[in-house]
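The structure appears right after this line, and notes come after that.
The values are calculated or read from the model by the stated rules, or taken from the named source; none is laboratory data. Quick caveat, the model's predicted, so the values are computed rather than measured. Counting neighbours? That spans all protein chains shown, and the Cβs are built from the backbone with ideal geometry, glycine included. What goes into the accessible areas is simple: the full protein's heavy atoms, side chains included, and nothing from ligands, DNA or RNA. Shrake-Rupley method; radii C 1.70, N 1.55, O 1.52, S 1.80 Å.
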Amino acid sequence: MTYEEFADSRLTALLRYAVMLTGDPHQAQDLVQETMVRVQLNWRRVARADSPDRYVRRTLTNQYIDWRRGSWMRRVLLRAEPAETVVVPVDHAQAAADRDQVWSWLARLPRRQRATLVLRYYEDLPDAEIAEILGCAVGTVRASISRALATLRAELVEA
């Protein structure tokens, strides 16, 4: 598989994953762009990997966790609903407020905890794959998910 074929087939999925990590489509595009530049520069190594998709997802996740640019640290509180989701709520204002509140709670989680939640509940990956992507033990993944969910539960109770 060539880099171009890989990019054509996986770019949309990587962008969706990055949006879930960052909570901001513009930051997600920057993250994916930087990741794909690195992937292209190291394509021979990536292509030789057992699973190029897993290798690239791990690269993207590590970049998200380590990215230290000033604009990256900015939190965006108001976001539009993803274009693919068509849900007609009874109360549009309440649905928007609830969505913004959840994004706000997720934004306060440490990056690694947020990444584990996205990999588990959005990407639907098992603990072993999450551990491989994050470069940690399976127990660390489970502990991170547990802490993140406990934090979110506490936020919900306070609200």
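Within the stretch 9-29, is even one residue open to solvent by 70 Å² or more (accessible area, probe 1.4 Å), at pLDDT below 90 and over 17 Å from R111 (Cα atoms)? Checking the stretch 9-29: not a single residue is open to solvent by 70 Å² or more (accessible area, probe 1.4 Å), at pLDDT below 90 and over 17 Å from R111 (Cα atoms).
Contact annotation: residue pairs with Cβ atoms under 9 Å, 6 or more positions apart or on different chains, pairing a residue in the stretch 52-64 that is in contact (Cβ under 8 Å) with a residue 12 or more places away in the chain and closer than 12 Å to R112 by Cα with a partner that is hydrophobic (A, V, I, L, M, F, W, C) and surrounded by fewer than 19 Cβ atoms within 10 Å (Cβ to Cβ), are Y64/W72. So which residues in the stretch 75-97 are modelled with pLDDT of 55 or more and either closer than 23 Å to R147 by Cβ or touching a Pro at 6+ places or on another chain (Cβ under 7 Å) (or both)? Within the stretch 75-97, A95 is the sole residue that qualifies.
Can you spot a residue in the stretch 108-115 that is free of Cβ contacts under 8 Å to residues at least 40 places away in the same chain and part of a helix (DSSP H, G or I)?
Residues of the stretch 108-115 free of Cβ contacts under 8 Å to residues at least 40 places away in the same chain: 110, 113.
Now narrow it down to the ones that are part of a helix (DSSP H, G or I): 113.
Checking the stretch 108-115: at least one residue is free of Cβ contacts under 8 Å to residues at least 40 places away in the same chain and part of a helix (DSSP H, G or I).
Being touching a helix residue (DSSP H, G or I) at 6+ places or on another chain (Cβ under 7 Å), open to solvent by 40 Å² or more (accessible area, probe 1.4 Å) and over 16 Å from F6 (Cβ atoms) is the filter here; which residues of the stretch 30-67 pass it? Once the filter is applied, which keeps residues that are touching a helix residue (DSSP H, G or I) at 6+ places or on another chain (Cβ under 7 Å), open to solvent by 40 Å² or more (accessible area, probe 1.4 Å) and over 16 Å from F6 (Cβ atoms), the stretch 30-67 yields only E34.
When L119 is tested against (1) open to solvent by less than 50 Å² (accessible area, probe 1.4 Å); (2) in contact (Cβ under 8 Å) with a residue 24 or more places away in the chain; (3) over 30 Å from V46 (Cβ atoms), just one condition goes unmet, and that condition is (3).
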